[in-house]
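For reference, the structure discussed in these notes is given below.
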Amino acid sequence: KQSSGHHHSFAPFLLPLDCFLASLLAVTVPLVRHCEAKPKQSRKALPTAITDRKILFMKQPAVYMMASRRNGTIYTGVTSHLQQRAFQHRTHSMPGFTKQYGCTLLVWFELHDTMERAILREKQLKGGSRQQKVSLIEAMNPDWHDLYEEIL
C-alpha cells in the first residue's frame with residue numbers, strides 16, 4: 001500500500017529559480033525575487049501559501065529514487081532537502097553511486113513528516129526487491145519522467 005505522503009501535482013508549490021539557487025548557497029531564501037519590491041510586512045505576516053510552499057520541499061524529509069533511464073539503474077536515498085539533493089545528483093557534484101551509474105532522473109519520491117520515518121522507509125525500500133521499487137515508480141510515474149521540475 002502506498003503512503004499518502006506524496007503528491008502528483010506540485011504547481012502551487014513552484015519556487016522561482018533564483019530562490020532555489022540561493023537556497024543551494026545556504027542563503028536565506030527571499031520570499032520575493034530581487035527584481036520585485038520588498039514587502040513592507042514581516043515574514044510572519046505573509047500569506048500561508050508562500051511560507052508553506054517554501055517549507056514543503058526545502059526542509060521536508062523525503063525518500064526518493066533516482067534512475068539512469070527507464071528500467072535502468074535505480075538509486076534509493078533519503079534527504080531532508082529534496083530539491084538540493086536531486087540537484088546534486090543531476091549535476092554529479094557529489095562522488096558516489098549515482099555519479100558512477102548516471103542516475104540523474106528523479107523518478108519517485110515520498111514526503112514524510114519526520115526524518116526518522118523517512119529513514120525507516122528508505123531502509124524498507126532498500127531491503128526490498130528491485131521489482132518492488134519498479135512497481136512504486138510505475139504507480140506514481142508510469143513513463144519514468146524526470147520529476148525534478150515538479151519539485152522546484
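Structural remarks
- Placing +1 on the Cβ of every Lys and Arg and -1 on the Cβ of every Asp and Glu, with no other charges, gives the range 94-150 a dipole of roughly 440 debye about its Cα centre.
- Residues F87, F97, F109, ranked from the fewest to the most other C-beta atoms within 10 Å, line up as F97, F87, F109.
Only the coordinates and a few stated rules stand behind these numbers; no lab work does. Here the structure is a predicted model, which is why all the values come from computation and not from measurement. Neighbour counts are summed over all protein chains in view; Cβ atoms, including those assigned to glycine, are modelled from backbone coordinates with ideal geometry.
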